[in-house]
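A.B. asks: Below you'll find the structure I mean.
Each value in this text was obtained by applying a stated rule to the coordinates, not by laboratory testing. As the structure is a computational prediction, the values presented were derived from the model and not from experiment. Please note: Cβ atoms are built from the backbone with ideal geometry, for glycine as well, and neighbour counts cover all protein chains shown.
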Amino acid sequence: MTDTTDSPVTDGSTTPARILVGVDESEHCARAFDIALSLAQRRGWSLRLVAAYDLPPYDFEAGDQILGAFRDTASQEARKPVDDMVEQAEAAGVPVSADVQEGSAAQLLIRESEEAVLAVVGKRGRNRFAGRFLGSVSGALAAHSACPTLVIPARWDADDTEALFAPRQDLPGGEAAATEPAELVSASGAEREGRRAFENVSQALNFDGDVIAAVDLGDSSGPVAARAAEYAALTGRALTLVAAVPITVGTRFPYPGQGALEVQSMHEYRAEHLTWLTSTIREKHPALDVQWRLFDGSPAGVLSEATRTAALVVVGTRGHGGFSGLLLGSVSQSVLSRTVSPVLVVPTRSA
């Protein structure tokens, strides 16, 4: 399994590794900054705060003076939250640098990601001048970033302690929209003690407070699982490896028993892979509580449902096998658009 858990510097120098934060004036961005600041403090890393603004189409006859005045206003507005966050970082003793540029926020963040170990953005953040940070910017960053991208959704609240009802997915059809069917095929170990029960979440899909790693059968499962294990160990949470493949759910075979042996073999093969990956993680993190679950169902549906109760869901930019087609734009994009919890997207294009 690829080891991606210890990267305190970016180039072998003594310069602290950098967390990139996409900044605007939204509440969602403020949440993302708080998490980035906390991670920087724990790891001894620095912060790089970046904001961008666009100028609207204008009439050339209006003249350079009017355009210049609008540019100055847009730049000042974009810089306000940046300056405030710089002050907070300096007060916390975290090294920080910042930049405000005119142009595409997505392109700026993607370029800056080449010098970062982690990018953090808020979902659906926007202001009057900056581009949207999710749907356009965050989606593009997660797909093309050179480093892992942590997306903080608008609805997530780390201080929420309600135990009776979990929040619903952010489904396009609203709260009444149907979710994909899924069945638990097998799992490792007994149910963890102390897990809260939710009235509107099945026991099989309840990952209360866990870090979730989306696992497939390809090489990309190594970096994803390693990164998930790192954050679970860092935050003192349990780790659950999750794989899903839509084999029999929603399928009707014309003859009884058709494909039964093949289905069983596919499930056993995936269970063996999950068991091996769990053992590999325990060798690196012996104190970490690690389990796995294998589902028969839609990967996007299982992972999106997991975000309702999980503390963090970690996915790759692409995958094979159990998460066939795990490309940003398919499964990962679906999870990002529907998520309730933070989602960490790990680049796996070269895995």
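A.B. asks: Between Gln88 and Thr15, what FRET efficiency follows from the Cβ-Cβ distance if R0 is 30 Å, with the result rounded to 0.05?
C.D. replies: Using R0 = 30 Å, I get an efficiency of 0.90.
A.B. asks: Taking the highest mean first, how do the peptides 21-31, 228-238, 190-200 order by number of other beta carbon atoms within 10 angstrom per residue?
C.D. replies: 21-31, 228-238, 190-200
A.B. asks: Long-range amide H contacts for Ala238: which residues qualify at under 5 Å (H placed 1.01 Å from N, peptide plane, sequence gap of 5 or more or a different chain)?
C.D. replies: Amide H neighbours of Ala238, under 5 Å, 5+ apart: Val211.
A.B. asks: Could you order peptides 330-341, 67-78 by the average number of other Cβ atoms within 10 Å of their residues, highest first?
C.D. replies: 330-341, 67-78
A.B. asks: Could I ask something else about it? Compare the peptides 203-210, 112-119 by average per-residue count of other Cβ atoms within 10 angstrom and give them in order, highest first.
C.D. replies: The peptides rank, most packed first, as 112-119, 203-210.
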